[in-house]
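Contents: one structure, followed by commentary.
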Amino acid sequence: MVRLIMLGGPGSGKGTQALKIGKDLDITIISTGDILRTAITSDDDLGKKAREYVEKGELVPDRMMIEFMKQRLLQDDVAKGWVLEGYPRTAFQAEELDFLLEDLEQKINYAIYLDVTEETMIQRSLNRGDIDDKLDVVKKRIELFKQRTTPILEYYEYKHTLITISAEGSIEQVEKEIVDRAKPFLENTKKI
């Protein structure tokens, strides 16, 4: 069973790569962005609170995100494996995710970090044209991401599950490097 975490800053390509890997391995893609977009359009209290943070370009608080992830990981479509995109965003979330997975009798195989420059993050984010992709909001998200990245990477490195990939190349080049680097495990599951 394949369980991967795709990490990277805004515009690093983590969503694109999660979709490609998910499709190739026939596993569910769990996107934090999709979870939040669904939540902020809902009328429940948790979704309304999340909306306030998203509209300001701020990260949704850890406890709120952990609750969203718990709800998502309990759904039936994740039983055969998953690739998680955009979560965790803090070291605390990474630890809490491990506790949650332990409770669910699951564990991750790899955390894949897509490394790109700040200039690339800005350019790709602005090119997407999403409603919240304005220059000031993008720069704020990048700054928050940078502040919180090192502890997450250290956490997964300590657990010997981190793979760092340069994501400056084409979509195909990045996908090939992910597959090549994760191949020993993936070969034991399903051919890509």
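What follows is calculated from the coordinates using simple rules that are stated; it is not laboratory data. Model, not experiment: these values are computed from the prediction. Reconstructed Cβ throughout: ideal geometry from the backbone, glycine too, with neighbour counts over all protein chains shown.
When the trypsin sites (Lys or Arg not before Pro) in region 34-106 are filtered for DSSP coil states and for at most 15 other beta-carbon atoms within 10 Å of their beta-carbon, the remaining sites are LYS56, LYS80.
Write out the trypsin sites (Lys or Arg not before Pro) in region 102-134 meeting two conditions: DSSP loop, and at most 16 other Cβ atoms within 10 Å of their Cβ.
On the way: sites: LYS107, ARG124, ARG128, LYS134; in loops: LYS107, LYS134.
Within region 102-134, the qualifying trypsin sites (Lys or Arg not before Pro) (loop, at most 16 other Cβ atoms within 10 Å) are LYS107, LYS134.
Kindly provide the GluC sites (Glu not before Pro) of region 1-99 that DSSP labels as loop, not H, G, I, E or B, and whose Cβ sees at most 11 other Cβ atoms within 10 Å. Before the final figure, lay out each step's value.
Details: sites: GLU52, GLU55, GLU58, GLU67, GLU85, GLU95, GLU96; in loops: GLU58.
Here no GluC sites (Glu not before Pro) fit, given the DSSP loop and packing criteria.
When Kirkwood radius over Cα pairs in Å is calculated for this entry, the matching label among [x] 15.7; [y] 17.9; [z] 16.9 is [z].
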